[in-house]
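The values are calculated or read from the model by the stated rules, or taken from the named source; none is laboratory data. These numbers come from a predicted model, not from an experiment. In this analysis, Cβ positions are derived from the backbone assuming ideal geometry, glycine residues included, and neighbour counts consider all displayed protein chains. The protein model used for the area step is the full one, side chains on, heavy atoms only, and it has no ligands, DNA or RNA in it. Shrake-Rupley method; radii C 1.70, N 1.55, O 1.52, S 1.80 Å.
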Amino acid sequence: MSDDREELLKILEAQGQQFLQNFSIPHPLSKGKGKASAPSAEVVDTDNSDQEWGGVDHSSASEDSSSEGEDDGSDFEQEDDDFVAISSGTSTAAPVVVFAPGTQSKDKPQVDRAAMRAFMSSKISKSRSDPESLASNKRKAGDSDEEAERTNIQNDATLHKLVHTKLLSGSLNADLNMTGAERRKALEGRVMELAGSAKLGKGEHIVRTDEHRRASKRVREGLTDKKRERQQKDLEEAKNLGNYHPALKKLFEASSGGSSRKREAGMKMGVGKFKNGQLNLTREDIQKVIGSPSPGGKSRRGGRGGRR
Amino acid sequence: MATPTTLVHFSGHEHFRNRLVLSILSGRHVKIDKIRTEDKNPGLRDFEVSFLRLLEKVTNGTVIEISVTGTAILLKPGIIAGGYLVHDCPHSRSIGYFLEPVIVLAPFAKKPLNLTLRGITTDEHDLSADLLRTVTLPHLQLFGISDGLELRIKKRGAAPNGGGEVQFLCPVVKQVKTLNFVDPGKIKRIRGIAHAVRVNPQFSNRMIEASRSILNRYIPDIYLYSDVYKGEESGKSPGYALTLLAESTTTALHCSEAISEPGVVPEDIALKATRALLSELDRGGCVDRKHQCLVLMMMVLGSEDVGRCRMGEPTVKTVQFLRDIKEFFATSFKIVPAETADLECKQLLYSCYGTGYVNANRTLA
């Protein structure tokens with residue numbers, strides 16, 4: 001243990017001597033410095049034995065960086081100039097404060113862009129807001145998203161999305177015992193949903209209705225008859241069970257044909273839409289009338305099956 | 001207490017702006033004579049005449065009569081109009097000279113003020129544009145004026161050629177709030193702006209390094225920003241400056257500033273600013289010396305209630321300002337030592353009974 005102390009003492013003194021060689025200070029200082037180094041070495045030793053962090057000053061003989069606020073008033077002016085000349089005034093056991101120019105962290109602290117922009121902004125209300133309050137506002141917004149403080153409608157939407165966005169699992173799930181045809185239609189429906197051309201949950205329905213449309217007349221008629229029969233049976237079941245109410249009529253009757261939804265009343269113009277007393281012409285309408293000078297006129301005429 | 005309606009008479013060119021502002025706010029006619037009578041160039045200076053022109057623009061119905069020799073003026077104030085204004089300031093004083101009194105008038109205008117000032121933005125005599133934006137205008141927030149308050153520095157201009165432009169926007173309020181600011185708190189952060197125009201941009205970095213070398217030991221939260229303006233927006237003359245401000249836990253602000261001088265290195269300018277900030281902090285209080293007049297003025301114009309503020313010792317300007325307030329508004333301040341137990345503490349508690357000034361000019365849209 002005393003060897004370590006000797007070692008540390010020697011290192012400390014060597015460093016002090018080396019540092020002093022920068023200045024032309026008269027000789028009697030070595031005595032005073034000896035006194036100064038002994039107590040500080042003791043301090044080092046006790047700190048090591050306490051195993052407590054006694055401050056940056058008292059770490060072992062490496063170069064000290066920033067200080068504690070233990071300066072004497074008399075040393076203030078010298079410390080401003082970034083070095084300390086150990087005069088005889090500090091021969092008492094005052095901790096020596098060293099400001100070495102190289103040890104201060106040269107890399108700038110991460111400039112908080114938001115804080116800088118808030119401070120330099122011309123709006124006074126922004127330049128006074130704390131960076132903490134700015135950060136806490138952001139955090140608050142994030143927290144509220146994570147918390148489950150949502151309305152029922154939002155929960156329903158999430159549920160709907162979750163049920164339908166288990167990618168392709170409707171067809172891949174083995175529990176359902178799907179036949180090959182069913183699996184194919186489910187997969188195609190999911191692909192349509194993912195591509196965005198179908199709304200969530202409607203993909204498979206669109207595939208099946210397309211197939212119905214492509215079927216022959218007899219098949220089509222048979223399918224619609226069966227559908228009507230099933231709906232009537234459902235309606236009767238609901239009435240028997242007590243689930244029916246005249247307000248729910250729309251739910252139980254067949255949905256009207258999509259094609260006959262909205263027929264435009266009145267006579268049409270040759271081009272464009274007439275709305276609100278205005279005739280709205282799109283660019284295509286104008287080009288249809290004027291006839292744009294675009295290339296490939298011959299190929300356009302040659303195209304077949306434009307509108308059946 | 002009803003304010004009397006007679007003419008107020010002053011002599012001398014000192015405290016010129018404060019007296020004119022008090023006249024406009026109180027509505028009393030003011031006569032200032034014996035302006036620089038003994039001087040080689042007697043009478044009003046060009047910046048004072050320019051300031052009178054600015055007051056004419058800001059107000060409506062003000063009559064200003066200047067004597068033949070320029071050594072006496074009579075001001076009959078009108079109402080504070082506000083609106084969109086542009087003013088070119090002469091190169092003898094910076095825009096801070098002109099903007100500081102307008103800041104006191106603007107919240108009581110008829111319409112929100114939108115004032116563009118052109119001239120020198122940074123000067124050693126007056127508050128620079130940075131100080132106005134970061135320290136002076138936040139003091140208005142203490143009184144309830146904050147929404148829509150802006151100071152945009154469009155261009156910077158150093159002395160002597162100027163070329164700077166700032167735009168000041170101020171909302172209109174009905175009445176200012178009563179101030180009760182007695183706790184200075186402890187300093188929690190220090191901010192600074194170092195800018196350099198038409199010189200090596202490294203100067204601002206050098207100033208920041210030098211200033212940090214002193215300030216780093218006190219608190220960790222120190223950010224000094226380097227404001228860079230280039231080309232057309234950097235004015236016509238070279239110069240650089242460092243502005244420092246310290247904010248406390250109770251939002252008290254202290255500031256200091258140092259402008260470049262010929263033959264002095266940037267590090268010395270930075271040290272000058274830093275030491276000025278530290279001595280300002282040593283004085284303590286909730287308001288620093290440069291803004292004592294503004295805060296005291298707003299306290300007088302507050303609602304009819306006791307307003308209190310803790311500040312350091314008043315400067316010469318503040319003392320004369322308190323006398324002028326007594327003259328115009330017949331209100332006096334009660335000033336007691338802030339801490340009677342501690343004899344070392346030089347801070348004082350200023351309290352006054354507000355006059356209940358209501359902005360009757362504003363358009364009720």
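Brief remarks follow.
- Flag if B:VAL166 is in contact (Cβ under 8 Å) with a residue 60 or more places away in the chain, within 14 Å of chain A (Cβ to nearest Cβ) and assigned to a helix (DSSP H, G or I): no
- Within region B:220-260, the residues that satisfy the criterion of being more than 10 Å from chain A (Cβ to nearest Cβ), open to solvent by 30 Å² or more (accessible area, probe 1.4 Å), touching a residue at least 12 places away in the same chain (Cβ under 8 Å) and not polar (S, T, N, Q) are B:VAL228, B:TYR229, B:GLU232, B:GLU233, B:LYS236, B:PRO238, B:GLU257.
- The C-beta contact set for region B:70-89 (first residue β-branched (Val, Ile, Thr), second residue open to solvent by 30 Å² or more (accessible area, probe 1.4 Å) and not in a strand (DSSP E or B), distance under 6 angstrom, 6+ apart or interchain) comprises B:THR71/B:THR37; B:THR71/B:PRO42; B:ILE79/B:ASN361; B:ILE80/B:ASN361.
- Near pairs, Cβ below 8 angstrom, 6+ apart or cross-chain, from region A:220-237 (on the phi < 0 side of the Ramachandran plot) to any residue that is part of a helix (DSSP H, G or I) and surrounded by fewer than 11 Cβ atoms within 10 Å (Cβ to Cβ): A:ARG220/A:ARG213
- Of all residues in region B:19-26, none satisfies being in contact with a strand residue (DSSP E or B) (Cβ under 7 Å, 6 or more places away or on another chain) and in a loop (DSSP other than H, G, I, E, B).
- Of all residues in region B:186-245 being of a type in the set (Gly, Ala, Ser) and assigned to a strand (DSSP E or B), the one that is farthest from B:VAL135 (Cα to Cα): B:GLY239
- Pairing residues of region A:114-125 that are within 9 Å of chain B (Cβ to nearest Cβ) and aromatic (Phe, Trp, Tyr) with residues that are open to solvent by 40 Å² or more (accessible area, probe 1.4 Å) and assigned to a helix (DSSP H, G or I), at Cβ distances under 9 Å and at least 6 apart in sequence or on separate chains, gives A:PHE119/A:LYS126.
- Listed by first and then second residue, the pairs with beta-carbon distance under 7 Å, at least 6 apart or on different chains, first residue in region B:114-140 and touching a residue at least 12 places away in the same chain (Cβ under 8 Å), second among the β-branched types (Val, Ile, Thr) and assigned to a loop (DSSP other than H, G, I, E, B), are B:SER128/B:THR121; B:ALA129/B:THR121.
- Among (1) without any contact (Cβ under 8 Å) to a residue 12 or more places away in the chain; (2) in a strand (DSSP E or B), the one test that B:ILE32 misses: (1)
- Reported count of residues in region B:191-213, each being hydroxyl-bearing (Ser, Thr, Tyr) and surrounded by 24 or more Cβ atoms within 10 Å (Cβ to Cβ), is 2.
- The strands (runs of 3 or more DSSP E) falling completely within region B:55-110 that include 3 or more residues that are open to solvent by 10 Å² or more (accessible area, probe 1.4 Å) map to B:63-66, B:83-88.
- Residues of region B:191-214 satisfying the condition of being out of contact with any helix residue (DSSP H, G or I) (no Cβ under 6 Å at 6 or more places or on another chain), more than 30 Å from B:VAL104 (Cβ to Cβ) and within 11 Å of another protein chain (Cβ to nearest Cβ): B:ASN205, B:ILE208, B:GLU209, B:ARG212, B:SER213
- Residue in region B:176-183 that is within 13 Å of chain A (Cβ to nearest Cβ), of a type in the set (Lys, Arg) and closer than 25 Å to B:GLY284 by Cβ present: no
- Within region B:137-190, being under 30 Å from B:TYR218 (Cα atoms) and small (Gly, Ala, Ser) holds for one residue alone: B:GLY185.
- Single unsatisfied condition, B:PRO42 versus (1) open to solvent by 80 Å² or more (accessible area, probe 1.4 Å); (2) not in a helix (DSSP H, G or I): (1)
- Residue in region B:316-326 that is farther than 26 Å from B:TYR97 by Cβ and in contact with a Phe, Trp or Tyr (Cβ under 8 Å, 6 or more places away or on another chain) present: no
- The residue of region B:146-163 that is surrounded by the most Cβ atoms within 10 Å (Cβ to Cβ), among those that are of a type in the set (A, V, I, L, M) and more than 9 Å from chain A (Cβ to nearest Cβ), is B:ALA158.
- Yes/no for B:LEU127 being surrounded by 22 or more Cβ atoms within 10 Å (Cβ to Cβ), out of contact with any His (no Cβ under 7 Å at 6 or more places or on another chain) and either away from chain A (no Cβ under 13 Å) or part of a helix (DSSP H, G or I) (or both): yes
- Each residue in region B:174-190 was checked for being crowded, with 21+ Cβ neighbours inside 10 Å and closer than 16 Å to B:VAL104 by Cα, and 2 pass.
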